[in-house]
1. Among Q348, A419, P404, whose Cα sits farthest toward the positive end of the charge dipole of the stretch 312-469 (+1 at Cβ of Lys/Arg, -1 at Cβ of Asp/Glu, about the Cα centre)?
2. Can you list the lysines whose alpha carbon sits under 23 Å from that of K74, skipping same-chain ones fewer than 8 residues off?
3. Working from the pairwise distances between different alpha carbons, so that the mean of 1/r is found and then inverted, what is the chain's Kirkwood radius in Å?
4. Please arrange S221, S436 by accessible surface area, largest first, computed with a 1.4 Å probe and ligands excluded.
5. Quick one: if you take sqrt(5λ) for each eigenvalue of the C-alpha gyration tensor of the stretch 274-375, what semi-axes come out, biggest first, whole angstrom?
6. Which of A139, S170, G106 sits farthest toward the positive end of the charge dipole of the stretch 97-200, with +1 on the Cβ of Lys and Arg and -1 on the Cβ of Asp and Glu?
7. What shape does the stretch 222-328 have by the C-alpha gyration tensor, where a ≥ b ≥ c are the square roots of the eigenvalues, rounded means a/c under 1.5, and otherwise prolate means a/b greater than b/c and oblate the rest?
8. Past the 18 angstrom mark, what percentage of all C-alpha to C-alpha distances in the stretch 251-302 do you count?
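The values are calculated or read from the model by the stated rules, or taken from the named source; none is laboratory data. Being a predicted model, the structure only gives us computed values, none of them experimental. Cβ coordinates were reconstructed from backbone atoms using ideal geometry, including for glycine residues, and neighbour counts include every protein chain displayed. Please note that ligands, DNA and RNA were not included when accessible areas were found on the heavy atoms of the full protein model with its side chains. Shrake-Rupley method; radii C 1.70, N 1.55, O 1.52, S 1.80 Å.
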Amino acid sequence: MRYISTRGQAPALNFEDVLLAGLATDGGLYVPENLPRFTQEEIASWAGLPYHELAFRVMRPFVTGSIPDADFKKILEETYGVFAHNAVAPLRQLNGNEWVLELFHGPTLAFKDFALQLLGRLLDYVLEKRGERVVIVGATSGDTGSAAIEGCKHCENVDIFILHPHNRVSEVQRRQMTTILGENIHNIAIEGNFDDCQEMVKASFADQSFLKGTRLVAVNSINWARIMAQIVYYFHAALQLGGPARSVSFSVPTGNFGDIFAGYLARNMGLPINQLIVATNRNDILHRFMSGNQYVKETLHATLSPSMDIMVSSNFERLLFDLHGRNGAAIAGLMDSFKQGGGFSVEQERWTEARKLFDSLAVDDAQTCETIAEVFEQTGEVLDPHTAIGVKAARECRRSLDIPMVILGTAHPVKFPDAVEKAGVGKALELPAHLSDLFEREERCTVLPNELKAVQAFVSQHGNRGKPL
Ligand SMILES: *Cc1c(COP(=O)(O)O)cnc(C)c1O
């Protein structure tokens, strides 16, 4: 499989190189040159497969030529073997024909484990083969950092540095990162906010001289391997609900447009999906595009669903590329005008095309809490605030009651106790067994000033299993 850039100028790469790449050299994002397509018979024959075997069938075409089948199978069995639920991604019924796909049974209790557990293992496999080491520098407002650290903690060939804003992540989120003590794990608390952290990561990709030749790898969802891993659970859910003979709809709590883009790909690979709902919080750039064809940056608001607090959705570029007939020059033009003036609309027929599949809703904090309370009353289930936004959007935007509606349950409620408390749900939430001693564990973290030089010096001092690069 070959991968091409959404801006049309960067060289095509194979899977291995795309795994190790960040942005393409032309500023674009990598996508498969040709998407695999499965027949209905083929998809139907996968019913009842264990999760890792389904994962093998869905992802195999993306890695062909880079990873032999037997090795890939073994990696997938290990990856999904660490999940705390036998079904890996169980479906829970909320209402007639309304389901939550629980994606929070991984080590860090959010769906990001599906991709980052795999990414860590794939990196180690490829780097071992090449005899190379890499450094990861990532920024997190909470969930990505812990999932990336858990995913990479056993990697022999990776040193990982995660920047988080000092005193601005929840205690559970901080401890999930700082209590992992491997010599290749480095937590840095920056005396600044999340944007400061993200700026430092961007600047580090732009000028890598501080790394003395060591390669820098991205762990945010611009990395293609993360999207790829997320396609699988759309197939998994649909197969349990009568697919592919019957079509299914999904509502997806959305920030960077990575998770829902995986659903769009699943559909293009042959899975009958009727409707994809973009569920956002008050940071609603995607809702404003889907409802009014305006893609315009606005100021960032802090909400009760912090993992979706973003101003610009990087993966949206991958959808725009398809909507524009895969014309890289057109995308480069749009992204340029976005940078210059802060916004754009697309031609009417392209927008209408998107609206055939996508609907959207923006949900504010008050509605989020109302939904948590409502679902608790109806079912006794406590939802996390992100998932609650998905439920609210599903109930508002649903096109047909006859088609099963699956809401992606993106995090465990115990990670977001503030929202649950605000919703007035009087049920004590407990950490799952594997994290029950989280508050007693030893923490390790370095606090650094909000200065790029200080961070880069720290990375080059510790980037080789704690020793200088
Ligand atoms: C990352 C995250 C999201 C948003 O996913 P995107 O792929 O960025 O759209 C939603 N919910 C939770 C809990 C997350 O951690």
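1. Q348
2. Answer for K74, where 23 Å is the Cα cut-off: K112, K129, K153, listed by chain and number.
3. Details: mean 1/r = 0.0446 Å⁻¹.
Its Kirkwood hydrodynamic radius stands at 22.4 Å.
4. S436, S221
5. 27, 16, 10
6. So the residue we want is G106.
7. Prolate shape, in that a/c is at least 1.5 and a/b is the bigger ratio.
8. 36 percent
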